[in-house]
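So that we are looking at the same thing, I have put the structure below in structure tokens.
All of the numbers you see were taken from the coordinates with simple rules; none came from a lab. This structure is a prediction, so every number in the text was calculated from the model and none was measured. As a convention, Cβ positions derive from the backbone with ideal geometry for all residues, glycine included, and neighbour counts pool all protein chains shown.
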Amino acid sequence: MLFRIAAVISGISFGGLSLTGCSNNELPPSQEIPLKPEGTVEALDGDTFLENVHAMQQYGDALYLSGKGYPFIFVLDHEFRIIRTIGRHGKGPGEFSYAPFSSHVNGNRIYSYNSTSRQIQVFSLKGDYLKSIPLDPKHYIWYHGLTMDKQENLYVTPSLSKNPYSIVKLDSSGTVLKTFGDLLETSYSELRNYQMSSRIIISVDDEHLIAIGKHVPVVEKYSLEGELLQSKDLSGSPYFTERLEFAKEFYAGGGTSTASMLSTIDAFNSRLYILPIEGELGDHQVHRILELDPESLDIVRTYALLDFQGDPLRWVSTFEFISENELVAFNNPESVFYRYRIDS
């Protein structure tokens, strides 16, 4: 089994989690499941250090990831040993100028976005370069901005939409088939609606697309044809309250950048997980994973990621459920992978 991670669960088991008397979007912190790490991994193969992880996906018996400073994709085994690397530094076919920000593994192909050439490069699982799919320059994508379906149709979410949509469906040649995802309206200004409508996207069971606003905590479920099936505003949950208050003051003060609400997203065995950003820009408190019901889009369970001292593990850039009850989370300040087990 990939990543045989043992860990300790303190206090609450799944069986002891009670949702009685509270809204699914307002689970009190006392009813979350604290997770303590079993171990850490500081370097890949013992001497390769990552300052930040941009993309991480478990597929089959390997873990695929990319990180700052390494212009290629790592393929790792269950001991974090490097099986191979895919791509290399450069500006030509099969090459990356920087570490890929978004990648997706599906079937026997790896799709990875090259931000310099604005192309999605396609490789075999063995690392052979196969082809490049050109994107419109305005479809520049950032973290978690790429997914696909079994028909090899691609779905990308532009990081700064200049159009009244923010999700683009393309075929395997790069031809645009559909655009959807209306601008997420805010009370700030029309310009802010464009700035804040970027989404994080993921496919679930190859039947639906789940999109979540990166700057507006709205989760949406779409059909693969782009039909909006369901929408849920999570701004009323306590996990976004502090960040929303900070954003309101930040924008009122004339800030030109945007305050993100979400760090990352993951799906495993029909389960959906998100990691909100809590606190102000200089005091990130990203340590709580929210499990959403893919049917209702309600928050049904929360997990608090802790360090070895039992304190919140702050500023997690990405995480991945690598088995039914195994989890890896990358902590930015320490540049370390934390390893957890979730007992059911």
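How would region 259-344 be classified by its alpha-carbon gyration tensor: rounded, prolate or oblate, with rounded meaning a/c under 1.5 and the a/b versus b/c comparison settling the rest?
Judged from the Cα gyration tensor, region 259-344 comes out oblate (a/c at least 1.5, b/c at or above a/b).
Still on this model: Calculate for the chain the 222 nm mean residue ellipticity that helices alone would give, adding -39,500 (n - 2.57) per DSSP H run of length 4 or more and normalising by residue count, nearest 500 deg cm²/dmol. Walk me through the numbers on the way to the answer.
Values: 2 runs with 21 residues, N = 344.
It lands at -2000 deg cm²/dmol.
Follow-up. Along the charge dipole of region 8-341, Cβ charges K/R +1 and D/E -1, which of Leu297, Ile86, Ile322 sits furthest on the positive end?
Ranked along the dipole, the leading option is Ile86.
May I ask you to evaluate 6.51 cos²θ - 1.76 cosθ + 1.60, the Karplus curve with θ = phi - 60°, for each residue of region 177-189 and list the ³J(HN,Hα) values in order in whole Hz, giving x for glycine and proline?
Those phi angles translate into 9, 6, 10, 7, x, 4, 4, 7, 6, 10, 8, 7, 5 Hz.
Taking 8 Å as the Cα distance limit and 6 or more residues as the minimum spacing, I'd like the relative contact order of region 8-341 as a percentage.
In percent, rounded to a whole number, it is 15.
Also: Relative to the compact globular guide of 2.2 N^0.38 Å, what is the alpha carbon radius of gyration of the chain, as a ratio?
0.95
Taking 0.36 nm per residue of sequence separation and subtracting the Cα-Cα distance, how much length would be gained by fully extending the chain between Lys150 and Val176, in nm to one decimal?
So the extension gain works out to 7.7 nm.
Calculate how many DSSP beta bridges within region 8-341 are antiparallel, expressed in % of all such bridges and rounded to the nearest 5.
Approximately 95 percent, going by the DSSP bridge assignments.
If you average the C-alpha positions of region 87-121 and of region 218-289 separately, how far apart do those two centres end up, in angstrom?
The distance from the Cα centre of region 87-121 to that of region 218-289 comes to 27 Å.
Under a point spin-label approximation (7 Å from Cα along Cα-to-Cβ), what is the Asp311-Asp343 distance to one decimal in nm?
2.6
While we're here: Straight-line reach from Lys131: which lysines fall under 25 Å, measuring Cα to Cα and dropping same-chain residues less than 8 apart?
Lys68, Lys91, Lys150, Lys169, Lys178
Starting from the 7 Å offset along Cα-to-Cβ, what nm value, one decimal, do you get for the label separation of Ala252 and Glu185?
2.2
Compute the FRET efficiency between His89 and Asn325 as 1/(1 + (r/R0)^6), taking r as their Cβ-Cβ distance and R0 = 35 Å, and round to the nearest 0.05.
Efficiency for this residue pair is about 0.40.
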